[in-house]
1. Is it true that some residue in the stretch 130-153 is assigned by TED's automatic domain parsing to the domain that holds Ser76, farther than 24 Å from Gly81 by Cβ and among the small types (Gly, Ala, Ser)?
2. Name the residues in the stretch 174-200 that are part of a helix (DSSP H, G or I), crowded, with 19+ Cβ neighbours inside 10 Å and within 16 Å of ligand 1 (Cβ to nearest atom), would you?
3. Among the residues of the stretch 2-9, is there at least one that is in a loop (DSSP other than H, G, I, E, B), without any contact (Cβ under 8 Å) to a residue 12 or more places away in the chain and exposed (fewer than 14 other Cβ atoms within 10 Å of the Cβ)?
4. Need a quick list: helices (runs of 4 or more DSSP H) entirely within the stretch 43-120 having at least 2 residues that are closer than 26 Å to Ile26 by Cβ and within 16 Å of ligand 1 (Cβ to nearest atom).
5. In the stretch 194-213, is there at least one residue being within 16 Å of ligand 2 (Cβ to nearest atom), hydrophobic (A, V, I, L, M, F, W, C) and on the phi > 0 side of the Ramachandran plot?
6. Would you check if Tyr75 is crowded, with 17+ Cβ neighbours inside 10 Å, aromatic (Phe, Trp, Tyr) and either under 29 Å from Gly138 (Cβ atoms) or assigned by TED's automatic domain parsing to the domain that holds Gln144 (or both)?
7. Could you tell me which of the residues Val153, Val163 is closer than 21 Å to Glu65 by Cα, assigned to a helix (DSSP H, G or I) and touching a Phe, Trp or Tyr at 6+ places or on another chain (Cβ under 8 Å)?
8. Keeping to the stretch 18-31, report how many residues are surrounded by fewer than 17 Cβ atoms within 10 Å (Cβ to Cβ) and away from ligand 1 (no atom under 12 Å from the Cβ).
Amino acid sequence: MESLLEVENITLGYSEDIDILHNVSINIAPSTITGMIGLNGSGKTTLIKGIYGFLKPKQGRILFEGEDITDIKPYSLIYKGIWYLPQDSSLFPYLSIEDNLYIPIKSLQLSRNEMKKRIKEIFEQFPDLGEKRKKKAGNLSGGQQKMLECAMVLLVRPKLLFVDEPVVGLAPKVATEMYERIVEFLHWGMTIFLIDHNVRKVIELSSYVYVMSLGRITSEGPKDHFEGELKQQVRHWLGL
Ligand SMILES: Nc1ncnc2c1ncn2[C@@H]1O[C@H](COP(=O)(O)OP(=O)(O)OP(=O)(O)O)[C@@H](O)[C@H]1O
Ligand SMILES: [Mg+2]
C-alpha cells in the first residue's frame with residue numbers, strides 16, 4: 001500500500017520505565033482519511049505526540065514521504081507539511097483572531113503579498129471571523145474557536161493533518177460543520193488522520209480504520225471490514 005506516513009513498531013511512554021504504546025505500526029495512505037478509534041486512555045493522543053516529536057520513541061521509526069522523521073522537532077514539521085489540530089485548543093487566547101492567523105503563516109515564510117492574499121481569502125470564507133478580526137480569540141465561542149483553527153488549516157494547507165477529537169464539547173450543528181470542514185480539507189488535497197470517539201462517523205469518513213486498545217493496535221482494516229459488523233465490533237472492543 002502506498003503511504004504518506006508510516007509508523008513502524010513504535011514503543012514509547014512518558015517516562016523511561018513505563019511504556020504506553022507497544023509496537024504500534026500504522027500506514028496513512030495519501031489523499032485519504034485514515035481513522036483511529038479506541039476507548040479513553042488507550043493511547044491515541046500519545047501516538048500523535050510520538051509522531052509529532054513531543055515524545056521520543058524508545059524503539060521503531062516514523063517515515064514521512066519515505067524520509068525518516070523519528071527524531072524531528074515539532075516546530076519543523078510545518079516545513080514538511082504536517083499540521084495538528086489537537087484535542088485541546090491550539091489558539092493563543094490573548095491574541096486577536098488576525099494575529100493568531102499570522103503565527104503559522106510567518107513560519108511558512110511566504111511573501112507579504114501571498115500572506116495578505118491568503119488571509120483575505122480566509123476572511124471571505126469565514127465572514128464571522130473577518131468581522132471580529134481584532135477581537136481576542138479567547139473571547140470567541142467554542143464553535144467559533146474551532147472554525148478559527150479550521151481557518152488556520154486552510155491557510156497552512158498542510159499535506160498531512162492530524163485531527164484529534166474534533167467535536168468534543170461542540171453543539172450538534174457546529175459538530176456537523178466541523179465534519180464538513182474535514183471532508184473539505186480532503187477535497188483540498190490533504191491527507192487526514194482522524195481520531196474520534198464517534199465510531200460511526202469515523203467509519204463513514206475513513207477509508208481505513210485502526211482500533212487502539214491499551215497501547216496496541218488490536219484491529220485494522222478498510223472501512224467495509226467494519227461497516228457490516230459495527231455492532232458486534234463495538235461489543236468486542238468494549239469486552240462485552
Ligand atoms: N502527560 C502524561 N503523563 C503521563 N501519562 C500520561 C500523560 N498523558 C497521558 N498519559 C497516559 O497515557 C495513556 C494514554 O493516554 P492518551 O491520552 O494517549 O489516551 P487517548 O486514547 O487519547 O484517550 P482519550 O480518548 O481519553 O483522549 C493513559 O494511561 C494516560 O493516563
Ligand atoms: Mg486523546
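1. Among the residues of the stretch 130-153, not one is assigned by TED's automatic domain parsing to the domain that holds Ser76, farther than 24 Å from Gly81 by Cβ and among the small types (Gly, Ala, Ser), which makes the answer no.
2. Those that are part of a helix (DSSP H, G or I), crowded, with 19+ Cβ neighbours inside 10 Å and within 16 Å of ligand 1 (Cβ to nearest atom): none in the stretch 174-200.
3. Of all residues in the stretch 2-9, those in a loop (DSSP other than H, G, I, E, B) come to 2-4.
Still in the list and also without any contact (Cβ under 8 Å) to a residue 12 or more places away in the chain: none.
Among the residues of the stretch 2-9, not one is in a loop (DSSP other than H, G, I, E, B), without any contact (Cβ under 8 Å) to a residue 12 or more places away in the chain and exposed (fewer than 14 other Cβ atoms within 10 Å of the Cβ), which makes the answer no.
4. Hits in the stretch 43-120: 44-51.
5. no
6. no
7. On the way: Val163 fails: assigned to a helix (DSSP H, G or I).
It is Val153.
8. Qualifying residue count for the region: 5.
The values are calculated or read from the model by the stated rules, or taken from the named source; none is laboratory data. Source: prediction; values computed, not measured. So basically every Cβ, Gly included, is an ideal-geometry build from the backbone, and we count neighbours across all protein chains shown.
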